[in-house]
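Peer 1: One structure is given below, represented as structure tokens, and several questions about it will come after.
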Amino acid sequence: MHCVKCGSDRLMELSAEIAIHFSARENLDKPHVFVFPKVMVCLDCGFSEFSIAEPELRNLGGAIARNESLLSKLCSANLC
């Protein structure tokens, strides 16, 4: 396997804990979603990539759906 950015073969898989936050000021009060992916890191250029596991992806999708539902309600009430 080679780095997609620099072509190096010096890659290392590491465990990570990532808190995903919704952007924009109005989302500051929204809880973040924790994911615990394996991260592939290039030891030469630092390029990193990861995939979110299916159960965590469902949690993230649910949080996004709840956020979109709230936004839709606020907009229909002319509050957005």
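Rule-based calculations on the coordinates, nothing more; no lab input. Only a predicted model underlies this, so the values are computations on that prediction, with no experimental measurement involved. In this analysis, Cβ positions are derived from the backbone assuming ideal geometry, glycine residues included, and neighbour counts consider all displayed protein chains.
Peer 1: M1 to E13: extension gain in nm, 0.36 nm per residue of separation minus the Cα-Cα distance?
Peer 2: Stretched out fully, the M1 to E13 stretch lengthens by 3.2 nm.
Peer 1: For the peptides 15-25, 41-51, what is the packing order when you average, over each peptide's residues, the other Cβ atoms within 10 Å and list the highest mean first?
Peer 2: Highest to lowest by the protection proxy: 41-51, 15-25.
Peer 1: Order by neighbour count: M40, M1, fewest other Cβ atoms within 10 Å first, most last.
Peer 2: M1, M40
Peer 1: Next up: Quick one: if you stick a label point 7 Å off each Cα along the C-beta vector at H32 and I64, how many nm between them?
Peer 2: 1.9 nm
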